[in-house]
Amino acid sequence: MSKKKGLSAEEKRTRMMEIFFETKDVFQLKDMEKIAPKEKGITAMSVKEVLQSLVDDGMVDCERIGTSNYYWAFPSKALHARKRKLEVLESQLSEGSQKHTNLQKSIEKAKIGRHETEERTRLAKELSSLREQREQLKAEVEKYKECDPQVVEEIHNIFAVKSWAKRKFGFEENKIDKNFGIPEDFDYID
């Protein structure tokens, strides 16, 4: 015996739309629950779910009249929806093409006067070496930052204020450090 494989959600949606397009009629949920299993092999338990997904996506219209919900979808609506989508996509394509053309023109403008010459190559190399030298100098300055007189003066001032606060208010050193966000390993530079 072979097991019958169920339909995928997309196949159910497609078959449900076929019902609407072939009959060109208006249905209630109970009608669809009877027709869909017989004609298209959609299980009655999933008809409501599939129908609701089609309504949510705007492929099927639904209107409440009195106490009943009526569902319909006509081929002309699907055609108009496709046409609108096609127009939107064509508009986006046109805008994208225009942007591409403008960018190509900008690139061409930027290339004018930028021909590879010996002088340009030499200046590019010089610029590169100067940038490298600047980075090396920055690293060296960073190494000696701790010896900067201004930094040493600031450290001295911090210790002076800590000492004054201990004498004046009787605070413990670790509480002063904690309240003012001073790291525990903060000390003079050796």
Scanning segment 1-11 residue by residue, those loosely packed, with under 14 Cβ neighbours inside 10 Å and assigned to a loop (DSSP other than H, G, I, E, B) turn out to be Met1, Ser2, Lys3, Lys4, Lys5, Gly6, Ser8
Condition set acidic (Asp, Glu) and assigned to a loop (DSSP other than H, G, I, E, B), scope segment 111-150, selection nearest to the chain's Cα centre (by Cα): answer is Glu116
Q) Residue check: is Leu93 open to solvent by 100 Å² or more (accessible area, probe 1.4 Å), at pLDDT 85 or above and either within 30 Å of Val55 (Cα to Cα) or of a type in the set (Asp, Glu) (or both)? A) yes
- May I ask you to verify whether Ser128 is polar (S, T, N, Q) and under 19 Å from Gly181 (Cβ atoms)? no
Quick count over segment 12-71, residues being exposed (fewer than 15 other Cβ atoms within 10 Å of the Cβ) and touching an Asp or Glu at 6+ places or on another chain (Cβ under 6 Å), is 1
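Here is a yes/no grid of residues against (1) at pLDDT 85 or above; (2) open to solvent by 100 Å² or more (accessible area, probe 1.4 Å); (3) in contact with a Gly (Cβ under 9 Å, 6 or more places away or on another chain):
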residue: Glu132; (1), (2), (3): yes, yes, no
residue: Ala139; (1), (2), (3): yes, no, no
residue: Glu146; (1), (2), (3): no, no, no
residue: Ala165; (1), (2), (3): no, no, no
residue: Phe171; (1), (2), (3): no, yes, no
residue: Ile176; (1), (2), (3): no, no, no
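The values are calculated or read from the model by the stated rules, or taken from the named source; none is laboratory data. For clarity, every value in this text was computed on a predicted model and none was experimentally measured. Positions of Cβ are generated from backbone atoms using ideal geometry, with glycine treated the same way; all protein chains shown enter the neighbour counts. To get the accessible areas, we keep the full protein, side chains included, count just its heavy atoms, and leave off ligands, DNA and RNA. Shrake-Rupley method; radii C 1.70, N 1.55, O 1.52, S 1.80 Å.
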